[in-house]
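These notes concern the structure reproduced below.
The values are calculated or read from the model by the stated rules, or taken from the named source; none is laboratory data. As the structure is a computational prediction, the values presented were derived from the model and not from experiment. Cβ coordinates were reconstructed from backbone atoms using ideal geometry, including for glycine residues, and neighbour counts include every protein chain displayed. For accessibility, only protein heavy atoms count, side chains too; no ligands or nucleic acids. Shrake-Rupley method; radii C 1.70, N 1.55, O 1.52, S 1.80 Å.
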Amino acid sequence: MRHKLAAQLYTLRNELRRDFPGTLRELARMGWTAVQIDGLHGNDPKEIAAVMNELGLRTAGMHVGLERMKHDLPAVLEEARLFGTRDFICHSLPDALMNPAGYASVRSDLREAAGKVAGQGFRVGYHNHDFEFHTRMEGGYALDYVLELDPGRPVYAEIDTYWVKKAGLDPLTYIQAYANRMPILHLKDMTADEARTFAAIGTGSIDFVPILRWGERNGVEWYAVEQDYCPGPPLDSLALSFDNLMRMETEIARSV
């Protein structure tokens, strides 16, 4: 399982703005072998790709905005080729699209992008927050609607465990619908107190062992570890998450 763990770089956005190559080197020293890209903060993609190649860091997908998918798709594909990834994922939506008409347009736009790239070996995905669970569409949540399978233009799920729990659902139960349709699963923990804020993996209220066990049996290729806000240095939080996941690995391996 270790080779499937990726540090989601949004966790380190401030560190990356100061020193992108140096932060990647810290992650490699920590033991991470992959990252998920969430913006390059003005750096040249070729230079960052060269550093990653030097360090042996692989790419577990790229988060990109919907507007880039619609209007800058050739450049997105060029970056994906450069970083050696098949996956680019819509990471969020503006408030103006968080309504039935907006979700209908989002589904249409994602499917259009998927139809353009599927034959080239790329995959379009969508990463959720909790707001998609606040709107009902066609008898289900807006997230279900956006991710409804169109076999010719598939949009892949990138379910985030924290945001599912924040919406009042059980992450393990919810992900069952996306077996073999979720190449990347976002691992994010929630504190057990009333604040219900972000926590390092293994320190909060989400039981990740059954989630990881399910992932190993149902086509998950990458586990992207993210902590939106950290009480201390984000690198320390990622180190703690990594160590806790390593402790879980033995238990998971015994049952897969």
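Some points to look at:
- Neighbour-limited loop hits for GluC sites (Glu not before Pro), the stretch 86-181 (at most 16 other Cβ within 10 Å; DSSP other than H, G, I, E, B): 138, 148
- Among 189, 109, 19, the residue with the largest mean-square fluctuation in a Gaussian network model of the chain, with springs joining Cα atoms closer than 10 Å, is 19.
- Once the Cβ-Cβ distance of residue 205 and residue 246 is raised to the sixth power relative to R0 = 22 Å, the FRET efficiency obtained is 0.60.
- Solvent-accessible area of residue 170, all protein chains in place: 80 Å² (probe radius 1.4 Å, heavy atoms, ligands and nucleic acids excluded).
- The share of C-alpha pairs in the stretch 2-254 whose separation exceeds 30 Å stands at 23 percent.
- Gaussian network model of the chain, springs between alpha carbon atoms under 10 Å - residue of 215, 140, 31 with greatest fluctuation: 140
- Close amide-amide hydrogen proximity is noted between residue 123 and 87, 88, each under 5 Å apart and 5 or more residues distant or on a separate chain (H modeled in the peptide plane; Pro and chain starts excluded).
- Taking only protein heavy atoms and a 1.4 Å probe, the accessible area of the chain is 49% carbon and sulfur.
- A 1.4 Å probe run over the protein chains yields, for the stretch 2-254, 42 Å² of accessible area per residue, whole-number rounding.
- Near residue 58, the amide H atoms lying under 5 Å from its own belong to 34, 35; only residues 5 or more places off or on other chains count, and H is placed 1.01 Å from N.
- DSSP beta bridges in the chain [antiparallel fraction, %, rounded to 5]: 15
- Remark: the stretch 11-18, residue by residue, has Karplus-estimated 3J(HN,Hα) of 4, 10, 4, 5, 5, 5, 5, 7 Hz, where x stands for each Gly or Pro and the curve is 6.51 cos²θ - 1.76 cosθ + 1.60 at θ = phi - 60°.
- For residue 137, the residues 5 or more places off, or on other chains, whose built amide H falls under 5 Å of its own are 142.
- In this simple spin-label approximation, residue 67 and residue 197 carry label points 7 Å from Cα along the Cα→Cβ vector, and these lie 3.0 nm apart.
- Karplus (6.51, -1.76, 1.60) ³J(HN,Hα), θ = phi - 60°, over the stretch 174-181, in Hz, Gly and Pro reported as x: 5, 6, 4, 5, 10, 4, 6, 10
- For the stretch 180-256 versus the stretch 78-129, the gap between their alpha-carbon centres in whole angstrom: 24
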